[in-house]
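Asks: What follows is a single structure, and I will ask about it in a moment.
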Amino acid sequence: MLTAAEAERLIFTLVEPVRAVESVPLADCLGRVLAVPVRSELDFPHWDNSAMDGYAVRAVDVQQVPVTLQVVAEIPAGTRPEVVIGPGQAARILTGAMMPEGADAVVMQEETAREAAEVTILAVPESGSFVRSRGSFYRAGAELLEAGRAIAPAEIALLAAAQQTQVAVYRRPRVAIISTGSELVEPGQPLGPGQIVDSNQYALAALVAQAGAVPVALGIVPDERAAVKGAIAAALSQADMVLSSGGVSVGDYDYVDAVLAELGATLHIRSVAVKPGKPLTVASFDYAQLSVVGRQVYFGLPGNPASAMVGFWRFVAPAIQRLSGLAGAPSVAFVWAKALTELKAGGKRETYLWGQLRATESGYEFARAVGSHSSGNLVNLANTSGLAVVPMGETHIAAGESVRVLVCKANI
């Protein structure tokens, strides 16, 4: 068995980013990944402008205060000043308005006294005070946003300011999802003896979408070798990555690994030293005869729902980051938190305990979900926002001690 860290490093070397580029409207690019660097023909700011409501002055005129100046203009935002500020003069100016020629400083209105057409300056400004100079944030022609960056709301604002109405982004990767198991039925169908509802298909589709990829849900495949082989071949023909749940352990009806070998895959990982989720298959296909050219990576996750979701959070999510074209090495977000209760583990494998991760004024806290932490228990997996990690070789972390926690949700 590989350790979790070893498996993560190996997976990183296997996944090749999707490099297909498409142009999308600015309003539709949230969460997408920039495919080419963005440059602007505009300086930021576009012109010298005021950072305050106040008075535009010549700094040389107000070195001794109080001093009274003649107000010769009022300059609101969005207009071009029509005056040149001369000795002994000032202009009323509002935030964001263009600086008039001749003025080199702004005195905020709280440090002035206005009477009719005159203003008395009560504080000495330095040259450049409260002036946002043209190009001081960004010079036209330089790289504004680099390729490989995920587009968040702040990036959308910057793209809009740069007048980028169409944005070149990488195509969203397609991730096919297969549930294996003759005992599985779709939600809404009556349950026969020994049958269970296929929750993994829906959980993994939601996780794939949350990770920024397009889920391609291919449904349930019975535990029949030919059916499993046909489903995997079909999935490979229409996706950039394939996930399956179930069929990767050592049971008589666990066909996934054998079928992958028959289809020409190279099997890189068969199990990892984690709990839950020890059975994990990672394989790759390097060929061009299917509709997707290049390398495809296959993840065979365990069938137990907690194991499948932990495996996704720990190994698949960062692989989708890389597949999506995000710059840099993909990574799982870990934070240190105070354990609110004792955390126990067997010690032979790296153990993940699910629960709620909360940000407080003094740092993060982790509350273990109450109830059984069986890999088949979906009930207390709900509302999980973090996975506390008990390292291999350790059997407990006492309440009040620090624990490393894998972040499952961004909104904690």
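The values are calculated or read from the model by the stated rules, or taken from the named source; none is laboratory data. Nothing here was measured: the structure is a model prediction, and the numbers come from that model. Every residue, glycine among them, receives a Cβ derived from its backbone with ideal geometry; neighbour counts consider all protein chains shown.
Asks: What residue, among those in the range 130-146 that are within 30 Å of the chain's Cα centre (by Cα) and among the hydroxyl-bearing types (Ser, Thr, Tyr), is surrounded by the most Cβ atoms within 10 Å (Cβ to Cβ)?
Replies: 138
Asks: Pull up the range 387-412, narrow it to residues that are of a type in the set (S, T, N, Q) and assigned to a loop (DSSP other than H, G, I, E, B), then point me to the one that is surrounded by the most Cβ atoms within 10 Å (Cβ to Cβ).
Replies: The residue in question is 395.
Asks: A follow-up question, please. Just one of (1) touching a His at 6+ places or on another chain (Cβ under 6 Å); (2) assigned by TED's automatic domain parsing to the domain that holds residue 385; (3) of a type in the set (A, V, I, L, M) trips up residue 340, so point out which.
Replies: Among (1) touching a His at 6+ places or on another chain (Cβ under 6 Å); (2) assigned by TED's automatic domain parsing to the domain that holds residue 385; (3) of a type in the set (A, V, I, L, M), residue 340 violates only (1).
Asks: Across the range 16-34, what is the number of residues that are over 14 Å from residue 212 (Cβ atoms) and not in a helix (DSSP H, G or I)?
Replies: Residues flagged as over 14 Å from residue 212 (Cβ atoms) and not in a helix (DSSP H, G or I) within the range 16-34 amount to 7.
Asks: Another question about this same structure. Just to be sure, is residue 254 crowded, with 19+ Cβ neighbours inside 10 Å, touching a Gly at 6+ places or on another chain (Cβ under 8 Å) and either without any contact (Cβ under 8 Å) to a residue 40 or more places away in the chain or more than 25 Å from residue 187 (Cβ to Cβ) (or both)?
Replies: In short, yes.
Asks: Looking at the range 360-378, I want the residues that are of a type in the set (Lys, Arg) and have a partner that is in a strand (DSSP E or B) with Cβ atoms under 6 Å, at least 6 apart or on another chain. Which pairs are those?
Replies: Listed pairs, sorted by first residue: 368/353; 368/355.
Asks: Let me ask something additional. Working only within the range 148-207, note down all residues that are of a type in the set (S, T, N, Q), farther than 22 Å from residue 42 by Cα and either touching a His at 6+ places or on another chain (Cβ under 6 Å) or not in a strand (DSSP E or B) (or both).
Replies: 182, 189, 195, 199, 200, 201
Asks: For residue 65, indicate whether it is in a loop (DSSP other than H, G, I, E, B) and within 30 Å of residue 88 (Cβ to Cβ).
Replies: yes
Asks: Out of 384, 341, 351, report the one residue that is surrounded by fewer than 21 Cβ atoms within 10 Å (Cβ to Cβ), touching a residue at least 12 places away in the same chain (Cβ under 8 Å) and under 19 Å from residue 304 (Cβ atoms).
Replies: One residue alone meets the criteria, 384.
Asks: How many residues does the range 18-34 hold that are crowded, with 19+ Cβ neighbours inside 10 Å and of a type outside the set (D, E, K, R)?
Replies: 4
Asks: Looking only at residues that are crowded, with 18+ Cβ neighbours inside 10 Å and among the basic types (Lys, Arg) in the range 40-95, which one is farthest from residue 109 (Cα to Cα)?
Replies: Ranking the qualifying residues of the range 40-95, first place goes to 58.
Asks: So is residue 80 at pLDDT below 95, farther than 30 Å from residue 278 by Cβ, assigned to a loop (DSSP other than H, G, I, E, B) and not aliphatic (A, V, I, L, M) or not?
Replies: Taking the combined requirement at face value, the residue does not satisfy it.
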